[in-house]
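> Once you've had a glance at the structure underneath, I'll fire off some questions.
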Number of protein chains: 2
Amino acid sequence: MFGYAGRLLRVNLSDRKIEIESLDEGTARKYIGGSGLAGYFLVNETGVETDPLGPENLLIMMAGPLTGTRVPTSGRHAIVAKSPLTGIWGESDVGGTWGATLKRAGFDGIIVSGISDTPVYLLIDEDGTQILDARELWGKDTYETDKAIKHLHGEKAVTACIGQAGERLVKFAAVMTDGKDARAAGRCGMGAVMGSKKLKAIAVRGNSRVKCADEEALTRSLKEVVPKMVQNAKGLSTYGTAGGLPTMEFLGDFPIKNWSLGKWEEQAKRISGQAVAERMLTGRYHCAACPIGCGREVRIDSGKYAPVEGAGPEYETLAMLGANVLVDDLEAICKANEMCNRYGLDTISTGGVIGYAFEAFERGFLTIEDTDGLRLEWGSADVLLSLIDKIARREGLGDRMAEGTRAFARSLGPRAIEFAVETKGLDFPAHDPRAYNSVGLAYATSARGACHLSGFTHNFEKTLNMPELGYPEVQDRFGVEGKGRFTALLQDLMCMMDSLKLCKFSLSAGIKLTQCVEWLNIVTGWDVSAEEFMRTGERLFNMKRMYNVKHGTSRKDDTLPYRILTSRRKEGGAATNLPPLGELLSQYYEHRGWDEFGVPKPEKLKELGLA
Amino acid sequence: MFGYAGRLLRVNLSDRKIEIESLDEGTARKYIGGSGLAGYFLVNETGVETDPLGPENLLIMMAGPLTGTRVPTSGRHAIVAKSPLTGIWGESDVGGTWGATLKRAGFDGIIVSGISDTPVYLLIDEDGTQILDARELWGKDTYETDKAIKHLHGEKAVTACIGQAGERLVKFAAVMTDGKDARAAGRCGMGAVMGSKKLKAIAVRGNSRVKCADEEALTRSLKEVVPKMVQNAKGLSTYGTAGGLPTMEFLGDFPIKNWSLGKWEEQAKRISGQAVAERMLTGRYHCAACPIGCGREVRIDSGKYAPVEGAGPEYETLAMLGANVLVDDLEAICKANEMCNRYGLDTISTGGVIGYAFEAFERGFLTIEDTDGLRLEWGSADVLLSLIDKIARREGLGDRMAEGTRAFARSLGPRAIEFAVETKGLDFPAHDPRAYNSVGLAYATSARGACHLSGFTHNFEKTLNMPELGYPEVQDRFGVEGKGRFTALLQDLMCMMDSLKLCKFSLSAGIKLTQCVEWLNIVTGWDVSAEEFMRTGERLFNMKRMYNVKHGTSRKDDTLPYRILTSRRKEGGAATNLPPLGELLSQYYEHRGWDEFGVPKPEKLKELGLA
């Protein structure tokens, strides 16, 4: 199969059994790759009874058919497991070079089950797979772990690993790749799943070429498309994802003080991608096959927060570890970012739970006794860094916060859930549904909980159009009519992006749906139509939904935090809008062929081949 | 004090202590009477630790300053207690002649505490109060109880009593008055509170005249106003509350099949007030001092459901025990109504929980084993009557249903709450928030849970205007802008109606706010302005809110069922509207001076004298 290695690696850490399974073309075309194909295994092999941190949970790392090829922005893989943070569908998609290397080592994906007695790591290359002793690595941070493995197995060993947070089962621990370039599979606690298996790292070395059905056509396409992408993505290249930060603030899309404020203009400028570029940028980081290079490399040599060296903060990180806790000290945020990267923590959930804790302290739900004497005051960078430490080490209050915002909030009494900003247990990323109704709908319905990437709709209500889906113009972000269809279609498309795998910033760089379809066909030799492409995305989305439905998810869980539903931002670019959730869901369920409880109807499942 | 007896009766059933407490004018003017004055005692004397069915809960029966006077529609009293159904503010307002008789016996209200060892009843008249043995009455239905007490103490003994449902602590048991004329204090399980105290009945005899400050002015006012009221309320007199039933169906305001359908036109005609008038009406029933007489007296002598004799079904009853369970057999509904009256069951919650059970059975949440072989099929009158029996007797499935829809639904698993139609644990009455946005807001925020009477807004979005409050015209029922203020003002007004006490149908009969104020002043001799009047209503509403806030209520509880928020009626007069709850609450909290969690701000409480 072109584009595919055709092989999946199964590793059971309980009995140290390693098996290679072949991937058939029918399954590949039906589930594509990435989170789609990973989901196929998760759905079939785990269920309601599966403890996310038990041996039966699967940790599935999956590349896509485009991963490892020259297709631009295809250097990604998905990590899928039942989430220990949310108890339902867990998915984290990440760039870097790990996925492409895995493909070049001859595998589309790895499915890890069981729990090892002692810490181990995997070493995978074309010569085979070894389960190696990681006792020496246990306790190390992710930068150190990557360095140690490279020291042992050479610079070409690319790692995905956990830090101390994953080891300690912090519920929002990340799996990090590429050492101090630090690409994070941040969301849903995949690092805790890895930690529960006593699996410190997966190192891969690979040299094979990923086969493409029509190399010439690909060359022609790249020649035409890549220069345009580079041109279109100039802002992203120059300033990284945080180049858009002042715009997000302007639009009222930006989380400020645990989502309670509407404006933070001057401070936003101080923590923008432009400020990063001026003050500490040393270079750009490109994931495999990426012509854009939005990744930041930074260095801080002096001052209170030095040293910092390696990956710089993304938009999400600057927003959640900055604005959301009212910290506008850019050096401090860079430090917080590096700490999260090293410990292996999702910067979004970390910023979310810290912002929550600040508010809980302010409102008296937490006292100075709960915090071991720490005054959780808005804007305190020292407290921010201290709490990151405590969470990663599960020390004192950090141990409670390490359970995630939902569980932490519930432990503080019924009233305390009022200002917990999460959906289905996943903290909000740094886009506000009050700034885009479709984002509210996407957060409420995305399989993994509040997620800006499984809909990515905000970009299509701000700068992008999608004529192939019937949206020749940028949409009205405060509109209501038609948002159900719009959101559902983009979720279906994003399911495909997460399966191929293609970075969503390729869309920001001007790539259209038809181009994605063309690349899939060029690589695989298939004749997938745009219709089949979207239908497949719909299948994958419904597959994920059904996983959640089996776990009890329904309309009652498709919700938004009270603050987002009821409290206006009051000033700024989204001062008055509140997403009318019931109306949006009604349109959405109808478009999706789901019943009034948000359950896909039998005929819809049959139509999608999921019955 | 004119209008007031100036005395409250305290009865502690645990130690059989009877005390008379005087009511001072300051408290009276601040809390007026009815549910307002009763609330003053509930708030001060019960709290979070109070078990609604324990000795510390108070059962407070309270008339108002107008009760017992000639002021039209003033023949009402309130029953207030911590609700065993909802665990929060419990209030039930009722007509009849009991309240007026209590006033004539020299009391404004009765506060019952404690629990008797054995069943007792109270006999209250101008000669004193006796706690009498009710062992012979225990087990009797409310018609029989009334008859037995009248047999013992004369026809002038007016009773408020419970039936078997209250004795068995059915969580939505009613307190019934006036025997087979059957006026029900239906909501919030006041009958269970009475049952928990082993108090079967309170019989009152009274002959004193309730003093009015300016009898002449009252006579003049009545001469002018009453004929107009009679004229305006002709429809209500002729066809009762159910005369409007076909209109409710037409407007899309009508509960059909557990709130899942949009139209039921032909069937609605068959169970309308007009049909009652044609087929079984024998007379009208007037509460004390009422010129309208909307109460129905019916008689069915033959057929499957005979005999039925006494009170006929109200609009709410026909809707909830008819349309909501798809029963369109008018005789059967009359029978169901009489059974509920005799057992002492709230017909609204009874219809609500039975409709819920029908749907749970249809959806497989209940099996034939759960139902003791009963097939819970929509439209089955026999099953309806059988379930009423089972609930009142707490037999089999009825025992579970007797806990109320919320608890019953929760016992069936998380998905089963999706179609439970209640707010704060109180079943919806028969008006659909999808037909009026203000009704949604009122249900979400009313202190006792889903309640059409504490806002009564639907009437002002259909037929009534209120120029004194700035609404010179009937409102747009699907409008959004300004609904927060509109709903809050009407809730404040209704708090006053429930305190004075005046029947809300006086408003339907054309009475304006200024007239209510005038009557209050004529009776009491006070100089209450319209502003003080409304401010007092606001105080009472906030007092009730604060009682709930102390019990943990906040924004999270100010909600509507998923069906109402998300599922359209699809056809009929409210085919597409869904109340935009977040937006409505946002306006409402701001108007009320409540914070984003729905908690009255300290400055608001201070302003209202509630700090």
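> For segment B:414-456, enumerate the residues that are over 18 Å from the mean Cα position of the chain (by Cα) and away from chain A (no Cβ under 14 Å).
Within segment B:414-456, B:A435, B:Y436, B:S438 qualify.
> Related question: Has segment B:87-98 got at least one residue that is open to solvent by 10 Å² or more (accessible area, probe 1.4 Å) and more than 19 Å from the chain's Cα centre (by Cα)?
no
> In segment B:582-596, what residues are crowded, with 19+ Cβ neighbours inside 10 Å and either under 17 Å from B:T553 (Cβ atoms) or over 26 Å from the mean Cα position of the chain (by Cα) (or both)?
B:G582, B:E583, B:L585, B:S586, B:Q587, B:Y588, B:Y589, B:R592, B:W594, B:E596
> Mind listing whichever residues of segment B:302-330 are buried (at least 24 other Cβ atoms within 10 Å of the Cβ) and in contact with a Phe, Trp or Tyr (Cβ under 8 Å, 6 or more places away or on another chain)?
B:A311, B:A319, B:A323, B:N324, B:V325
> Considering only segment B:544-559, I want to know if a residue exists there that is assigned to a helix (DSSP H, G or I), away from chain A (no Cβ under 14 Å) and under 26 Å from B:T69 (Cα atoms).
No, every residue in segment B:544-559 fails to be assigned to a helix (DSSP H, G or I), away from chain A (no Cβ under 14 Å) and under 26 Å from B:T69 (Cα atoms).
> Of the conditions (1) outside any helix (DSSP H, G or I); (2) surrounded by fewer than 18 Cβ atoms within 10 Å (Cβ to Cβ), B:R485 clears all except one; give me its number.
With (1) outside any helix (DSSP H, G or I); (2) surrounded by fewer than 18 Cβ atoms within 10 Å (Cβ to Cβ) applied to B:R485, the lone miss is (1).
> Give me a count of the residues in segment B:101-124 that are under 11 Å from B:I202 (Cα atoms) and assigned to a strand (DSSP E or B).
Of the residues in that region, 7 qualify.
> Considering segment A:373-402 alone, what residues qualify as being part of a loop (DSSP other than H, G, I, E, B) and among the aliphatic types (A, V, I, L, M)? Steps first, answer last, please.
Start the filter on segment A:373-402 by keeping residues that are part of a loop (DSSP other than H, G, I, E, B), which leaves A:373-380, A:394-396, A:402.
Correct list: A:L374, A:L376, A:A402.
> If you don't mind, another one. State which residue pairs qualify: first residue among the aliphatic types (A, V, I, L, M) and inside segment B:24-49, second residue modelled with pLDDT under 95 in any location, beta carbons under 8 Å apart, and separation of 6 or more residues or different chains.
From segment B:24-49, the pairs are B:A28/B:M1.
> Right, another one. Is it true that A:G33 is at pLDDT 95 or above, closer than 29 Å to A:T423 by Cα, in contact with an Asp or Glu (Cβ under 7 Å, 6 or more places away or on another chain) and open to solvent by less than 40 Å² (accessible area, probe 1.4 Å)?
Details: at pLDDT 95 or above: yes; closer than 29 Å to A:T423 by Cα: yes; in contact with an Asp or Glu (Cβ under 7 Å, 6 or more places away or on another chain): yes; open to solvent by less than 40 Å² (accessible area, probe 1.4 Å): yes.
Yes, satisfied.
> If you take the residues in segment B:389-413 that are on the phi < 0 side of the Ramachandran plot and among the basic types (K, R), which one is farthest from the other protein chains (Cβ to nearest Cβ)? Don't jump to the end; show me each part of the working.
As a first pass, look at segment B:389-413 and keep what is on the phi < 0 side of the Ramachandran plot: B:389-393, B:395, B:397-403, B:405-412.
Going one step further and asking which of them are among the basic types (K, R), we end up with B:390, B:393, B:400, B:406, B:410.
Details: B:K390: 27, B:R393: 32, B:R400: 21, B:R406: 13, B:R410: 12 Å.
Applying the filter and picking the extreme gives B:R393.
> Another question about this same structure. Do we find a residue being more than 19 Å from A:I522 (Cβ to Cβ), open to solvent by less than 10 Å² (accessible area, probe 1.4 Å), out of contact with any Lys or Arg (no Cβ under 6 Å at 6 or more places or on another chain) and not acidic (D, E) anywhere in segment A:9-27? Steps first, answer last, please.
Start the filter on segment A:9-27 by keeping residues that are more than 19 Å from A:I522 (Cβ to Cβ), which leaves A:9-24, A:26-27.
This time we only want the ones that are open to solvent by less than 10 Å² (accessible area, probe 1.4 Å), so: A:9, A:11, A:13.
Right, trim to out of contact with any Lys or Arg (no Cβ under 6 Å at 6 or more places or on another chain) and you get A:9, A:11.
Subsequent filtering for residues that are not acidic (D, E) retains A:9, A:11.
Yes, because at least one residue in segment A:9-27 is more than 19 Å from A:I522 (Cβ to Cβ), open to solvent by less than 10 Å² (accessible area, probe 1.4 Å), out of contact with any Lys or Arg (no Cβ under 6 Å at 6 or more places or on another chain) and not acidic (D, E).
> Could you tell me whether segment A:528-535 includes any residue that is part of a loop (DSSP other than H, G, I, E, B), at pLDDT 95 or above and within 14 Å of chain B (Cβ to nearest Cβ)? Lay out the reasoning, then the answer.
Start the filter on segment A:528-535 by keeping residues that are part of a loop (DSSP other than H, G, I, E, B), which leaves A:528-529.
If we keep only those that are at pLDDT 95 or above as well, we get A:528-529.
Now narrow it down to the ones that are within 14 Å of chain B (Cβ to nearest Cβ): none.
The answer is no, given that none of the residues of segment A:528-535 is part of a loop (DSSP other than H, G, I, E, B), at pLDDT 95 or above and within 14 Å of chain B (Cβ to nearest Cβ).
> For segment A:162-199, give me each residue that is within 20 Å of the chain's Cα centre (by Cα) and either more than 29 Å from A:T423 (Cβ to Cβ) or surrounded by fewer than 22 Cβ atoms within 10 Å (Cβ to Cβ) (or both).
A:L169, A:D178, A:G179, A:K180, A:D181
> Further question on the same structure: Within segment B:83-100, track down each residue that is out of contact with any helix residue (DSSP H, G or I) (no Cβ under 8 Å at 6 or more places or on another chain) and assigned to a loop (DSSP other than H, G, I, E, B). Walk me through it before giving the result.
Going residue by residue through segment B:83-100, those that are out of contact with any helix residue (DSSP H, G or I) (no Cβ under 8 Å at 6 or more places or on another chain) are B:87, B:94-95, B:97-100.
Selection gives B:G87, B:G95, B:T97.
> Sticking with this one: Quick check on segment B:597-606. Is at least one of its residues assigned to a loop (DSSP other than H, G, I, E, B) and away from every other protein chain (no Cβ under 13 Å)?
Here is the first cut: in segment B:597-606, the ones assigned to a loop (DSSP other than H, G, I, E, B) are B:597-599, B:601.
The next check asks that each one be away from every other protein chain (no Cβ under 13 Å); those that pass are B:601.
Yes, that holds for at least one residue.
> Confirm whether A:V94 is in contact with a Phe, Trp or Tyr (Cβ under 8 Å, 6 or more places away or on another chain) and either within 28 Å of A:G293 (Cα to Cα) or free of Cβ contacts under 8 Å to residues at least 40 places away in the same chain (or both). Working first, answer last.
On the way: in contact with a Phe, Trp or Tyr (Cβ under 8 Å, 6 or more places away or on another chain): no; either within 28 Å of A:G293 (Cα to Cα) or free of Cβ contacts under 8 Å to residues at least 40 places away in the same chain (or both): yes.
No: the conditions fail for A:V94.
> For segment B:458-469, does any single residue satisfy the condition of being over 17 Å from B:R563 (Cα atoms), at pLDDT 95 or above and surrounded by 24 or more Cβ atoms within 10 Å (Cβ to Cβ)? Outline the logic, then answer.
Taking segment B:458-469 as the starting set, the residues that turn out to be over 17 Å from B:R563 (Cα atoms) are B:458-469.
Then keep just the ones that are at pLDDT 95 or above; that gives none.
Looking through segment B:458-469, none of the residues is over 17 Å from B:R563 (Cα atoms), at pLDDT 95 or above and surrounded by 24 or more Cβ atoms within 10 Å (Cβ to Cβ).
> Just give me the residues in segment A:266-279 being in contact (Cβ under 8 Å) with a residue 24 or more places away in the chain and farther than 25 Å from A:A509 by Cβ, in sequence order. Spell out how you get there, then give the answer.
Of all residues in segment A:266-279, those in contact (Cβ under 8 Å) with a residue 24 or more places away in the chain come to A:267-268, A:270-277, A:279.
Once the filter is applied, which keeps residues that are in contact (Cβ under 8 Å) with a residue 24 or more places away in the chain and farther than 25 Å from A:A509 by Cβ, segment A:266-279 yields A:Q267, A:R270, A:R279.
> Just checking, does segment A:567-580 include any residue being more than 14 Å from chain B (Cβ to nearest Cβ), open to solvent by less than 30 Å² (accessible area, probe 1.4 Å) and closer than 30 Å to A:A28 by Cα?
Looking only at segment A:567-580, we keep the residues that are more than 14 Å from chain B (Cβ to nearest Cβ), and these are A:571-573.
This time we only want the ones that are open to solvent by less than 30 Å² (accessible area, probe 1.4 Å), so: A:573.
Narrowing the set further to residues that are closer than 30 Å to A:A28 by Cα leaves none.
No, that holds for no residue.
Every residue, every condition in (1) at negative phi; (2) within 14 Å of chain B (Cβ to nearest Cβ); (3) surrounded by fewer than 23 Cβ atoms within 10 Å (Cβ to Cβ); (4) in contact (Cβ under 8 Å) with a residue 60 or more places away in the chain, yes or no:
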site	(1), (2), (3), (4)
A:D498	yes, no, no, yes
A:K512	yes, no, yes, no
A:L520	yes, no, no, yes
A:G525	no, no, yes, yes
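> Another question, if that's okay. Among B:S113, B:S83, which is surrounded by 24 or more Cβ atoms within 10 Å (Cβ to Cβ), farther than 28 Å from B:I292 by Cα and under 23 Å from the mean Cα position of the chain (by Cα)?
It is B:S83.
> From the list B:G449, B:G455, exactly one residue is touching a helix residue (DSSP H, G or I) at 6+ places or on another chain (Cβ under 6 Å), crowded, with 17+ Cβ neighbours inside 10 Å and within 23 Å of B:H551 (Cβ to Cβ). Which is it? Please lay out each step first, then the result.
Working: B:G449 fails: touching a helix residue (DSSP H, G or I) at 6+ places or on another chain (Cβ under 6 Å).
Exactly one residue qualifies, and that residue is B:G455.
> Just give me the residues in segment B:375-407 being open to solvent by less than 40 Å² (accessible area, probe 1.4 Å) and either more than 18 Å from B:G191 (Cα to Cα) or of a type in the set (D, E, K, R) (or both), in sequence order. Explain how you work it out, then say what you get.
Of segment B:375-407, the ones open to solvent by less than 40 Å² (accessible area, probe 1.4 Å) are B:376, B:379-381, B:383-388, B:390-392, B:397-398, B:401-402, B:404-405.
Across segment B:375-407, the qualifying residues are B:L376, B:G379, B:S380, B:A381, B:V383, B:L384, B:L385, B:S386, B:L387, B:K390, B:L397.
> What's the total number of residues in segment B:326-372 that are of a type in the set (G, A, S) and not in a helix (DSSP H, G or I)? Please lay out each step first, then the result.
Start the filter on segment B:326-372 by keeping residues that are of a type in the set (G, A, S), which leaves B:332, B:336, B:344, B:349, B:351-352, B:355, B:357, B:360, B:364.
Imposing the further condition that a residue be not in a helix (DSSP H, G or I) reduces the set to B:344, B:364.
Selection size over segment B:326-372: 2.
> Within segment B:252-269, how many residues are buried (at least 18 other Cβ atoms within 10 Å of the Cβ) and not in a loop (DSSP other than H, G, I, E, B)?
Total meeting the criteria: 2.
The values are calculated or read from the model by the stated rules, or taken from the named source; none is laboratory data. Just so you know, these numbers come straight off a predicted model, no measurement behind them. Here Cβ is always computed from backbone atoms with ideal geometry, including for glycine, and neighbour counts include all displayed protein chains. These accessible areas exclude ligands, DNA and RNA; they are computed on the full protein's heavy atoms, side chains included. Shrake-Rupley method; radii C 1.70, N 1.55, O 1.52, S 1.80 Å.
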